[in-house]
Amino acid sequence: MIKITSAEFVKSAFDRSHWTTDGRPEIAFLGRSNVGKSSLINSLLLRKGLARTSNTPGRTQSINFFLINEKFYFTDLPGYGYAKVSKSMRSDWGKMAEDYLGDREELALCVQLIDVRHAPTAHDKQLYEWLVHNQKPFIVVATKSDKLSANELARSLKEIRKIFTVPKVIAYSSQTARGRDEVWAELLSAAENR
Ligand code: GTP
Ligand code: MG
């Protein structure tokens, strides 16, 4: 299991001229607003306030880079699908994500987050199909598993796996750290084999 010797916020990138240039592998966290991306990052790193979490969805508009053990980066992407942002903001998300995910050579793995309590949204499915079509290595992390009973969780994971047939789907909870070892195993193997 990984020992986190250092985890630091490096920068917020608002366009590609701000992306890091040192060539270290990157692991990107993607998912709709409020799904728990920042919470997952903090939980994986055992650092409570490193990635900003909030009850106000749609806040993060930049790609935030975190350097882990001076070896690889986590990138926290803005959430998509927040109903109250304007249409143009929504297509901006697509442009930004495609720009970054499309040809970022450092990208070792994408982590697509979905809320385990709800059926995947149209936008979740769109992202999933884009990742499959573009042959991006990715896993799906089903967040907030602490909010379901064991039975509900099993049922929900079964439904999710029917739709997300390609990647590995891992149930997670940022509250209990359920799934943490399993997710780390995937991240490390991706970062090391790049
Ligand atoms: P944006 O940055 O706005 O896109 O949101 P985000 O995806 O980073 O979500 P964030 O981590 O800020 O979490 C949103 C809310 O969900 C916060 O109130 C978290 O405390 C809560 N939350 C996140 N993960 C979990 C989880 O595993 N269990 C429970 N119970 N709550 C969670
Ligand atoms: Mg966030």
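The values are calculated or read from the model by the stated rules, or taken from the named source; none is laboratory data. Keep in mind the model is a prediction, meaning the values are calculated, not measured. In this analysis, Cβ positions are derived from the backbone assuming ideal geometry, glycine residues included, and neighbour counts consider all displayed protein chains.
Filtering the range 91-108 down to residues that are over 20 Å from Ser12 (Cβ atoms) and either under 15 Å from the mean Cα position of the chain (by Cα) or not small (Gly, Ala, Ser) (or both), which residue is modelled with the lowest pLDDT? If we take residues in the range 91-108 being over 20 Å from Ser12 (Cβ atoms) and either under 15 Å from the mean Cα position of the chain (by Cα) or not small (Gly, Ala, Ser) (or both), then Asp103 is modelled with the lowest pLDDT. Look at (1) over 18 Å from the mean Cα position of the chain (by Cα); (2) farther than 19 Å from Gly36 by Cα and you find that Ser156 fails only one, number (2). The number of residues in the range 1-31 being part of a loop (DSSP other than H, G, I, E, B), over 15 Å from the mean Cα position of the chain (by Cα), of a type in the set (Gly, Ala, Ser) and within 21 Å of Leu107 (Cβ to Cβ) comes to 1.
Evaluate the following for Val85: is it within 13 Å of ligand 2 (Cβ to nearest atom) and either aliphatic (A, V, I, L, M) or at pLDDT below 90 (or both)? No; evaluated as a whole, the condition is false for this residue. Taken over the range 105-135, the criterion of being surrounded by 14 or more Cβ atoms within 10 Å (Cβ to Cβ) and charged (D, E, K, R) is satisfied by Glu106, Asp115, Arg117, Asp124, Lys125.
Summed over the range 1-33, the residues that are surrounded by 19 or more Cβ atoms within 10 Å (Cβ to Cβ) and within 14 Å of ligand 2 (Cβ to nearest atom) give a count of 6. If we keep just the residues of the range 59-70 that are more than 6 Å from ligand 1 (Cβ to nearest atom) and in a loop (DSSP other than H, G, I, E, B), which is modelled with the lowest pLDDT? Selected residue: Gln61. Looking only at residues of the range 35-49 that are farther than 21 Å from Lys136 by Cβ and either modelled with pLDDT under 90 or away from ligand 2 (no atom under 11 Å from the Cβ) (or both), we find that the one that is surrounded by the most Cβ atoms within 10 Å (Cβ to Cβ) is Ser43. Every condition in (1) modelled with pLDDT of 85 or more; (2) loosely packed, with under 15 Cβ neighbours inside 10 Å; (3) among the hydroxyl-bearing types (Ser, Thr, Tyr); (4) within 12 Å of ligand 2 (Cβ to nearest atom) is met by Thr56 except one, and the failing one is (1). Candidates are the residues of the range 167-181 that are among the aliphatic types (A, V, I, L, M) and either more than 10 Å from ligand 1 (Cβ to nearest atom) or under 30 Å from His133 (Cβ atoms) (or both); the one that is surrounded by the fewest Cβ atoms within 10 Å (Cβ to Cβ) is Val169.
Looking across the range 32-47, the residues that are within 6 Å of ligand 1 (Cβ to nearest atom), assigned to a loop (DSSP other than H, G, I, E, B) and not aliphatic (A, V, I, L, M) come down to Ser33, Asn34, Gly36. Of everything in the range 135-153 that is part of a loop (DSSP other than H, G, I, E, B) and within 16 Å of ligand 1 (Cβ to nearest atom), the residue that is nearest to the chain's Cα centre (by Cα) is Lys144.
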